[in-house]
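Worksheet: one structure, shown below.
The values are calculated or read from the model by the stated rules, or taken from the named source; none is laboratory data. Predicted, not measured: the structure shown is a model, and the values here were computed from it. Positions of Cβ are generated from backbone atoms using ideal geometry, with glycine treated the same way; all protein chains shown enter the neighbour counts. For accessibility, only protein heavy atoms count, side chains too; no ligands or nucleic acids. Shrake-Rupley method; radii C 1.70, N 1.55, O 1.52, S 1.80 Å.
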Amino acid sequence: MFDQKKMLYSKDHEWIFIEGQTGVMGITDFAAEQLGDVVYVELPEVNAEAEQGVELCSIESSKAASDIFSPVNGKVLEVNSGLDDNPEKVNDDPFGEGWICKLEVHSMPKQLMDYQEYKDYLETL
């Protein structure tokens, strides 16, 4: 599990954990709960360009299909292929085994929130 207090968060409920030039991203537990039981994750293509705020992949659940947006500008380095057979990991462990992809970060994220800012944001919803 990644340290939630060291992550950055988007208003669309994606998280990213950045070390050096690499970021691991996924969706928050709030987003996973709102989606309901995840049944399919359409992973991005490796080497695909990612643009902050632009759709990167999608998740289908028992309730709906939802677009997942990139929290940073960069390039997809790796995807969590374990989600192909076990998409429920997004619900069970959104900050760990439910990660979606790893990105080479080309520019530092703007308008992302730290842990406390995200918690405060959730209270406004």
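Residues in the stretch 54-79 that are without any contact (Cβ under 8 Å) to a residue 40 or more places away in the chain, open to solvent by less than 70 Å² (accessible area, probe 1.4 Å) and part of a loop (DSSP other than H, G, I, E, B) were compared, and the one that is nearest to E104 (Cα to Cα) is V54. Please indicate, with yes or no, whether at least one residue in the stretch 47-66 is basic (K, R) and within 17 Å of Q21 (Cβ to Cβ). Among the residues of the stretch 47-66, not one is basic (K, R) and within 17 Å of Q21 (Cβ to Cβ), which makes the answer no. Could you grab me the full set of residues in the stretch 36-71 that are at pLDDT below 95, of a type in the set (A, V, I, L, M) and in contact with a strand residue (DSSP E or B) (Cβ under 7 Å, 6 or more places away or on another chain)? Passing the criteria: only A65. The sole residue among E49, E42, E33 that is of a type outside the set (A, V, I, L, M), open to solvent by 70 Å² or more (accessible area, probe 1.4 Å) and over 17 Å from V90 (Cα atoms) is E49.
For P94, are the conditions met, namely being open to solvent by less than 80 Å² (accessible area, probe 1.4 Å) and either modelled with pLDDT under 95 or polar (S, T, N, Q) (or both)?
Details: open to solvent by less than 80 Å² (accessible area, probe 1.4 Å): yes; either modelled with pLDDT under 95 or polar (S, T, N, Q) (or both): no.
Considered against the rule, which asks whether it is open to solvent by less than 80 Å² (accessible area, probe 1.4 Å) and either modelled with pLDDT under 95 or polar (S, T, N, Q) (or both), P94 comes out as no.
For the stretch 112-124, the candidate set comprises residues that are free of Cβ contacts under 8 Å to residues at least 24 places away in the same chain and not in a helix (DSSP H, G or I); within that set, the residue that is least open to solvent (accessible area, probe 1.4 Å) is T124. Any residue at all in the stretch 81-101 that's of a type in the set (G, A, S), within 16 Å of G23 (Cβ to Cβ) and in a loop (DSSP other than H, G, I, E, B)? The answer is yes; a qualifying residue exists. Within the stretch 12-25, if we keep just the residues that are out of contact with any Ser or Thr (no Cβ under 8 Å at 6 or more places or on another chain) and either under 20 Å from L125 (Cα atoms) or not in a strand (DSSP E or B) (or both), the residue that is least open to solvent (accessible area, probe 1.4 Å) turns out to be G20.
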